[in-house]
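Shown next, in structure tokens, is the structure this report addresses.
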Amino acid sequence: GMERRLADSLARESGLSLAYQPKVDMSSGEVLGFEALCRWKDGEEDRSPELFIPAAEETGLIVDLGRWVMEKACRRGALWLKEGLRVPLAVNISAKQVQQDDFVLMVDRILEETGFPPELLELELTESTLMKDLDRSCSMLESLKELGVSLAIDDFGTGYSSLAYMARFDVDILKIDRSFMPGKEAPPLNEAIVKSVVALADARGLRVIAEGVETEEQRDLLLRIGCVSAQGFLYSRPVPEEAVADLFSRGF
Ligand code: G
Ligand code: G
Ligand code: MN
Ligand code: NA
């Protein structure tokens, strides 16, 4: 099945790659960094991460795949640094990964081996990952902070916990889930929800970034609300690594 072929791709390091989506300062057009997203060519077929990531999470392969992603991104980032580009990179982290006793050690080792500066690496964790074992999550976040990496809560607002509760986690960034983007067909409450997340972030001194910005109307509204950073198709889809340096230097 698919899991077997994915494990095989990982073992042979063939068919796997990373795509990079820019995070943009919408007021200046400056590119703030990139989110690295895993891509898999299963023979001739491009498989969607929305299929193979959950499959890898189920079988536990995500532990090795997630390590591969982080290592690959850090290696690439270290090369850009050699070319004079300090490109901040974010990677997605699954619950199964942080449940490993040696997760923090693994991150430390990858930073050490690749020479990628910790302050340029951001880890995106979801609410549900953090809620699985609260005491453990809090101490893990503390250890990760000591390494010097940045921490973001991904898909913020989609879990079952209250916003106020989530904002207590010691993280640096809240990524507002794209389902909250205001728009013609979106629930009218979305604007109020985004406003409240921005207010929470301001009160706690956190950075906030809107995901899934697709239209100029959304951009203008977000800027009015005070949400300046964004990721979304309005600016760029995830791009191959060859396109990163140019995009980073040029901006929008
Ligand atoms: O680009 P997009 O189609 O790339 O991604 C779909 C979903 O897969 C998103 O929820 C994204 O967070 C997730 N995803 C993509 N790459 C990775 C990865 O390397 N690790 C994990 N855990 N999730 C990923
Ligand atoms: O769960 P996570 O936030 O990591 O998901 C990243 C996913 O979001 C990727 O699949 C990426 O392609 C997708 N994405 C990024 N920008 C947009 C956008 O503007 N609209 C939509 N529909 N998806 C987006
Ligand atoms: Mn993400
Ligand atoms: Na997200």
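The values are calculated or read from the model by the stated rules, or taken from the named source; none is laboratory data. Bear in mind the structure is a predicted one, so any value in this text is a computation, not a measurement. We place every Cβ from the backbone using ideal geometry, glycine too, and count neighbours over all the protein chains shown.
When residue 17 is tested against (1) closer than 21 Å to residue 113 by Cα; (2) of a type outside the set (D, E, K, R); (3) not in a strand (DSSP E or B), just one condition goes unmet, and that condition is (3). A single entry from 43, 15 fulfils the requirement of being surrounded by fewer than 17 Cβ atoms within 10 Å (Cβ to Cβ), over 16 Å from the mean Cα position of the chain (by Cα) and more than 15 Å from ligand 2 (Cβ to nearest atom): 43. Of the residues screened, residue 212 is not one that is within 16 Å of ligand 1 (Cβ to nearest atom), farther than 19 Å from residue 36 by Cα and under 18 Å from the mean Cα position of the chain (by Cα). Scanning segment 49-59 turns up at least one residue that is touching a strand residue (DSSP E or B) at 6+ places or on another chain (Cβ under 6 Å) and at pLDDT 95 or above. Summed over segment 107-143, the residues that are within 16 Å of ligand 1 (Cβ to nearest atom), surrounded by fewer than 17 Cβ atoms within 10 Å (Cβ to Cβ) and among the aliphatic types (A, V, I, L, M) give a count of 0. Which of the residues that make up segment 1-31 are out of contact with any Ser or Thr (no Cβ under 6 Å at 6 or more places or on another chain) and among the aliphatic types (A, V, I, L, M)? Matches in segment 1-31: 2, 6, 7, 10, 11, 18, 19, 24, 26, 31. Just one of (1) modelled with pLDDT under 95; (2) within 16 Å of ligand 1 (Cβ to nearest atom); (3) polar (S, T, N, Q) fails for residue 190. It is (2). Taken over segment 84-143, residues that are out of contact with any helix residue (DSSP H, G or I) (no Cβ under 8 Å at 6 or more places or on another chain) and small (Gly, Ala, Ser) amount to 3.
Rundown of residues vs (1) in contact with a helix residue (DSSP H, G or I) (Cβ under 8 Å, 6 or more places away or on another chain); (2) within 16 Å of ligand 3 (Cβ to nearest atom); (3) among the hydrophobic types (A, V, I, L, M, F, W, C), yes/no style:
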position: 173; (1), (2), (3): no, yes, yes
position: 176; (1), (2), (3): yes, yes, yes
position: 192; (1), (2), (3): no, no, yes
position: 195; (1), (2), (3): yes, no, no
position: 204; (1), (2), (3): no, no, no
position: 210; (1), (2), (3): yes, yes, yes
position: 214; (1), (2), (3): no, no, no
position: 218; (1), (2), (3): no, no, no
position: 221; (1), (2), (3): yes, no, yes
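Pick from segment 168-192 the residues that are buried (at least 18 other Cβ atoms within 10 Å of the Cβ) and aliphatic (A, V, I, L, M): which of them is farthest from the chain's Cα centre (by Cα)? Taking the candidates together, the pick is 181. Evaluating residue 65 against the criteria (1) within 16 Å of ligand 4 (Cβ to nearest atom); (2) farther than 23 Å from residue 174 by Cβ leaves one unmet condition, (1). Looking at 167, 203, just one residue is free of Cβ contacts under 8 Å to residues at least 40 places away in the same chain, away from ligand 2 (no atom under 16 Å from the Cβ), of a type in the set (A, V, I, L, M, F, W, C) and closer than 10 Å to residue 156 by Cβ, and that residue is 167.
Among the residues of segment 20-48, those that are of a type in the set (Phe, Trp, Tyr) and either assigned to a helix (DSSP H, G or I) or within 16 Å of ligand 4 (Cβ to nearest atom) (or both) comprise 20, 34.
Restricting attention to segment 72-89, does a residue exist that is within 11 Å of ligand 1 (Cβ to nearest atom), part of a helix (DSSP H, G or I) and either buried (at least 16 other Cβ atoms within 10 Å of the Cβ) or not charged (D, E, K, R) (or both)? Within segment 72-89 (the criterion being within 11 Å of ligand 1 (Cβ to nearest atom), part of a helix (DSSP H, G or I) and either buried (at least 16 other Cβ atoms within 10 Å of the Cβ) or not charged (D, E, K, R) (or both)), the answer is yes, since at least one residue qualifies.
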